[in-house]
Each structure stands twice: as structure tokens, then as C-alpha cells.
Amino acid sequence: MIALDLRYACANFQLSAKFASDARIIGLVGPSGAGKTTLALLIAGLLRPNAGRLAANGVTLVDTDKGIFLPPEKRRIGFVFQDAMLFPHLSARQNILFGRWFTPKPERRVPFEQVVETVGVGHLLQRRPSTLSGGEKQRVGLARALLSSPRLLLMDEPMASLDFSRRQEIMDLIERLRDAFAIPMLIISHAADEVVRLADEAIVLDHGRVVARGAPLETIPSASRVLEGGRFMVANALKASVASYDARYGLTRLAHPAGEIVLVAQIEPDARPIRVQVKATDVAIGKSYPVDTSVRTILRGMIVNIDANDSPLAFVALELVGGDRLTAAITRLALDELKLHKGDDVFALVKSVALDERGQ
Amino acid sequence: MFDLSPQEITAIGLSVKVASVATLAALPPAIIVAYALARWRFPGHAALNAAVHLPLVLPPVVTGFALLLLFGRHGPAGAFLAEHFGLIFAFRWTGAALAATVMSFPLMIRPIRLSFENVDRRLGDAARSLGANRLWSFLLIALPLAAPGVIVGAILGFAKALGEFGATITFVSNIPGETQTIPAAIYSFIQTPNGDPEALRLAFISAAIAIVALLISEALQRRAGARL
């Protein structure tokens, strides 16, 4: 869907990025100053590269050798900004319809009603941006970008200024949009849980270069040495089914092939599987089945990868019984003292589990 | 007191006409120059900035003299315009309007430029990514958002044009019915024995016009601001 090889230099920064990807959602991650936003601006045409090529959905947007540089208005690349960047003098409806007005009729693939309904902004259409909350603004911004029928949707930290539950809503929404409109997306994020949950492929940028890429769960831990001092914490997604609700303790028991998962929440039993999220720092590892511990969620698995370097923390990737991946962040000291190796059968002690509210 | 003589009525009408034409003529280039100064970095940025503000710091009589040399009957620009467009500035009300345009231009630039600088550039980026070219992005986003500054600039320019004296009298003299605006008429009355009451009346009237213009600008600005 996107193929690029771009070089850009300004006074104190150089970017030289090259990748091609067919992923439906690409997660672009990296420490601040890595060039993530610069790359997004180059893709959108809001910055001019010194040299290189860029194609989206097979259409060449930039080719400096051939002297091709499409201006942003001809690229049809939707851009969702961190703080929405709604036009303050226009109503939500006028904002949403702005791009459509400039889209040639045959290329208007995205119907207004469907976007408004999917994004859930029908009740906001008459409002001014200044009267909208952060989450509402972001929804209107998404609807606006979609209505221009883009070839590619760029999102620059779309959830960075939202609180936890608004973030969950927007993540749900991004997944619904991916399924409903089949528009490839590139999401810039500094939050591992967003990338792990949404992206099919993670691309890690550092000092203006691609330093790692691949499936988010494997790529992000192994790239963690370039990611800001552990702030970039790995989250795991597990699929389980609701076994029962324990009213006495207020807990829901989930059945997972690797063991029982105890969740502090009330969920009614349902045939459909649900997803839960586990932070890598909430996972401990035991070599034998632990008997005297307060941890109630104990899952069986095998070590498939160990990522350790000079930093105090090491990332141990497990393949759980049933196939789910789970990454644990443990100290390098524990790694050495327990003598953990690839291929060992171990138990993952999960201290805390959060419901991943993406429904099915 | 407000028993106006024909000479005074003519001067008032002429002043309003000259100031209105000057404001309308100066506003579009002022918007463009202010936008260029606010948004673009180009060779000659500082030189353009200085040139635009020159009439503000030069003695008005020097500006008027420069206009006379350039746009007078035998000046290069004046001769060209007279020959090709039949546009004559020397000793005509059009010359008074030109002098007022030049003098009010720098006063319009500053508020308009400031309001463009306060419009987030990324709003323009958003418009471009949605398919608007530079011109549409300017017309639909930057210009409406800078409207309060444009209104302030227009009113300041109008008030300056209404009061312009030095450059006007140097360039087109003080001809009743042709180039005698309110300030020039006040000056003439003061020079005339027993002309003080007329001068005072015109002084009050010019103050009243300026105050009404200010009130209109306040109201327009409040309306423009309320939309944001």
C-alpha cells in the first residue's frame, strides 16, 4: 500500500527512511525527535524531501529523479493531527464536509451518512469546535479526513491528548474504520499498547532511520533499547472466553488454554471470545508452578525469545499454551539467577489484567 | 453651530470619498503583503518590511514630494498612467486618495500581519491535506480566521486616510472642491481671519467620524470573534 525511500535534511536533523508495506495499519514508533512527524509530513507533501521516491496504493506521489512532486492537495492523503486541528470558524458539519468539496465526484468513495454513523458524530454536527471535548474533536477530525476519500490515512499521535477511556473509544473506532472503509492507515504513536493492538506491522524509527520492523509484539520489545527509558511499555493482548462471574469476590474468571485468567470486572458469560491486555511489567516468571503466591492468574508457556542487553531490564517472550504471545519484563539479575533459556517451559504470573474493550 | 457652509460640506464629502477609496485600494495589497511577511521567508523579507514601513517614519512632506516626483504629470509613473489609462493624479482628488493610500498602508499592515501570525499554520496544512490548494486554503482558512485583524487594519487605515495632511497637501495642494479634505480645510480656515468657528466645527466633525469608525470596528470585531 505504501512504498517509500526518502531523504530529508534540515539544519540539525537528517532523515533517511526506506520501507514498503502492505499492512492495513502500520504503527510508526520511536523516541521523540526520531523523525516520526517529519516522515508523516513528507508523506503528506507538507515537507519536500531532498531526494527519494514515495508511492501510495501504486500511485507515485514523489520521484525526485523524474521530477515528480505532487503538492499535498493532489495526494489525497488524510491527516489526523494530535489536537485534531479543526477549523475553529466552521461547524463540525462544515469541517467534515471540507475535504469532500475538493474531492472530484467520481472519487467520492466514502458516503457522508456512513462516516457520521460509524464515527458517531451525528449529534455534534451543528456544534462549533470550541464547544467539543477532546475525544469529540478527534472523532470529527477522523470523519473529516475520511470524507476526503484518502488513499492513505496518516494519524500523528491521534490519542496522545486523550484520557484512558477516550483512548479506548478511539482505538475501537479506528478498528471499525479499518474494517468498514478499507483505507490503509499509518499511525504514529508512543504508546506500545496502541501499536500492539492496532497495527499489523510496527516500524521503529530512531535518529531518522528505520531501526526495526515486523510484527508489533516482537518488534517493540527488541527495539525497546532505543525507546525512551522504559516509558514505552509493552502490552500483550490475549484472547480468552468468559467462564463465569464470581459475585462473591466481584471477579470474572476467563478460560484460556494456558490457564485461568482472573479479571477484576463483571462480564456476563458470552459465547464470543474477549481480549484482555497485560502489561509486560505486570508479568513475573516462575520455573515451577508457584503454590504460595497471591497471584491468581498463572499461565503455562515456553520461552521463545530473550532480549537482554546492558540495560537492567530484559524482555522474555513466551508462547503460551494455545499459541498466544506474552512478553514479560524482568530484571537481568532474575534472568541470570533463574538461568532462563530459550525453549524452557515456564509459568507466567500475571499480576494485573485489563479488559481490552474492543468487543469481539 | 452645525450650520455648515458649502465649502465645509464639500470638504467633508471629499474626505469620506478619499478615505474610503484609499482604504479599499490599500486593503487587498496590505492583506497580501501582511500574509507574505507573516508566513513566508524569502530573500528581501527584511527589505520589504522596511519599505512598507517607510511612510510611517519619513516626514509626510518627503513622502508627498516623492509622490510628486513619481506620479506628477512629468513623473515616470504619472506620465505612463496618464498616457495609457487616462489616470491623472496631479492636483486631482485621485492624487489625494493615492497619498492617503500610501500613508495608511503601513498602519494596516501591522494588525493584519499579527492576526495571520496567530493563525496556526497546521490549520493550513490540514486544509491542504484535504485537497485545498494554497489559494483556497488562504481564502477559506487563514483569511476568515484573520478577519478581526483585517477589520482593525481597515479602520486604522481609514482613520489615517481621513486625517492625512502633510503628504496630501505637498502632492496635490489644497484646492477647494478637488483636493481640499477636512484637514486641509481646517488649515485654510485657521489661516483665514475669523475662520476659527469653521475650523472648530470641522475638527469636531472629523473627531465624530473617527469615533463612529472605531465603534463600527469594535462591533465587527466582536462579531468576528464570537464565531471562533
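The values are calculated or read from the model by the stated rules, or taken from the named source; none is laboratory data. These numbers were taken from a predicted model, which means no experiment stands behind them. Here the Cβ positions follow ideal geometry from the backbone for every residue, glycine too, while neighbour counts run over all protein chains shown.
See the values below:
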item: A:Arg300 at pLDDT 80 or above, in the same structural domain as A:Gly27 (by TED's automatic domain parsing), surrounded by 15 or more Cβ atoms within 10 Å (Cβ to Cβ) and in a strand (DSSP E or B); result: no
item: Some residue of the range A:86-103 being away from every other protein chain (no Cβ under 14 Å) and assigned to a loop (DSSP other than H, G, I, E, B); result: no
item: One residue from B:Ala19, B:Ala30, B:Ala38, B:Ala47 being of a type in the set (A, V, I, L, M) and without any contact (Cβ under 8 Å) to a residue 24 or more places away in the chain; result: B:Ala47
item: Of all residues making up the range B:180-206, the number that are under 18 Å from the mean Cα position of the chain (by Cα) and modelled with pLDDT under 90; result: 1
item: B:Ser188, sole failed condition from (1) buried (at least 20 other Cβ atoms within 10 Å of the Cβ); (2) of a type in the set (S, T, N, Q); (3) within 21 Å of B:Ile209 (Cβ to Cβ); result: (1)
item: All strands (runs of 3 or more DSSP E) inside the range A:170-261 with 2 or more residues being over 14 Å from the mean Cα position of the chain (by Cα) and at pLDDT 85 or above; result: A:201-206, A:209-214, A:235-246, A:251-256
item: Cβ-Cβ under 6 Å pairs, at least 6 apart or on other chains, the range A:28-49 side closer than 9 Å to A:His207 by Cα, far side of a type in the set (Gly, Ala, Ser); result: A:Gly35/A:Gly208
item: Which listed residue is at pLDDT below 90, surrounded by 20 or more Cβ atoms within 10 Å (Cβ to Cβ), within 29 Å of A:Met171 (Cα to Cα) and acidic (Asp, Glu), from A:Asp282, A:Asp307; result: A:Asp282
item: Scan of the range A:133-157 for residues that are within 9 Å of chain B (Cβ to nearest Cβ) and touching a helix residue (DSSP H, G or I) at 6+ places or on another chain (Cβ under 6 Å), ordered by number; result: A:Arg144, A:Leu147, A:Ser148, A:Leu154
item: Positions within the range B:104-126 being more than 7 Å from chain A (Cβ to nearest Cβ), over 21 Å from B:Leu156 (Cα atoms) and of a type in the set (Gly, Ala, Ser), in sequence order; result: B:Gly124
item: The range A:310-322: number of residues that are free of Cβ contacts under 8 Å to residues at least 60 places away in the same chain, surrounded by fewer than 19 Cβ atoms within 10 Å (Cβ to Cβ) and under 13 Å from A:Leu238 (Cα atoms); result: 1
item: Which numbered condition A:Lys66 fails, given (1) over 21 Å from A:Arg24 (Cβ atoms); (2) in contact with a helix residue (DSSP H, G or I) (Cβ under 6 Å, 6 or more places away or on another chain); (3) more than 10 Å from chain B (Cβ to nearest Cβ); result: (2)
item: Verdict on B:Ile112 being out of contact with any Cys (no Cβ under 9 Å at 6 or more places or on another chain), part of a helix (DSSP H, G or I) and within 27 Å of B:Gly64 (Cβ to Cβ); result: yes
item: Number of the exception - A:His123 against (1) loosely packed, with under 14 Cβ neighbours inside 10 Å; (2) in a loop (DSSP other than H, G, I, E, B); result: (2)
